[in-house]
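Input: a single structure, listed below in structure tokens.
The values are calculated or read from the model by the stated rules, or taken from the named source; none is laboratory data. The shown structure was predicted, so the numbers you read here are calculated from the model rather than taken from an experiment. As a convention, Cβ positions derive from the backbone with ideal geometry for all residues, glycine included, and neighbour counts pool all protein chains shown.
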Amino acid sequence: MSNMLKVLAVLTITLLSTACADERSSAARATEVLSRELRPVDADLAALYIRSCRSCHTVAATGSPLTGDAVAWAERMDKGMNVLVDNVINGYGGMPPLGLCMECDADQFEALIRFMATPGVDSAAP
């Protein structure tokens, strides 16, 4: 009887964790789809975002934080803007130096980061 209870417990935990994983996957897919719809309000910044950031920050499989994913961006924003801009300029993880925006300056990188972290805020380049 004790072995049967152990098997039942393992099966229950497995089923619950699978259901939770499916729920997280569904939420992640929804966030990914929504990230593809977001654009900066400022036309010049939007052009830079579309050309340089969008290809990675709207695809969960890249491992980069998705545009508009407040949870993913919060831990990064806690590091401070100077660290984040430095990461963009020098490359970080899978992101190449300058994040594929060879013409961007530090102020534009900051505006792009702010937009991706908080797309509801007007993130026009300074």
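Things to note:
Yes/no matrix, rows are residues, columns are (1) within 14 Å of the chain's Cα centre (by Cα); (2) closer than 30 Å to residue 108 by Cα; (3) at pLDDT below 95:
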| site | (1), (2), (3) |
| --- | --- |
| 4 | no, no, yes |
| 18 | no, no, yes |
| 24 | no, no, yes |
| 37 | yes, yes, yes |
| 46 | no, yes, no |
| 52 | no, yes, no |
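- Among the candidates 74, 70, residue that is at pLDDT below 95, surrounded by fewer than 17 Cβ atoms within 10 Å (Cβ to Cβ) and closer than 16 Å to residue 119 by Cα: 70
- The set of residues from the range 109-124 being assigned to a helix (DSSP H, G or I) and among the β-branched types (Val, Ile, Thr) comprises just one member, 113.
The rows are residues; the columns are (1) on the phi > 0 side of the Ramachandran plot; (2) part of a helix (DSSP H, G or I).
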| residue | (1), (2) |
| --- | --- |
| 74 | no, yes |
| 86 | no, yes |
| 98 | yes, yes |
| 104 | no, no |
| 107 | no, yes |
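- Any hit, the range 43-65, residues being among the hydrophobic types (A, V, I, L, M, F, W, C), part of a loop (DSSP other than H, G, I, E, B) and surrounded by 17 or more Cβ atoms within 10 Å (Cβ to Cβ): no
- Only one entry of 10, 59 meets the criterion of being among the hydrophobic types (A, V, I, L, M, F, W, C) and at pLDDT 50 or above, and that entry is 59.
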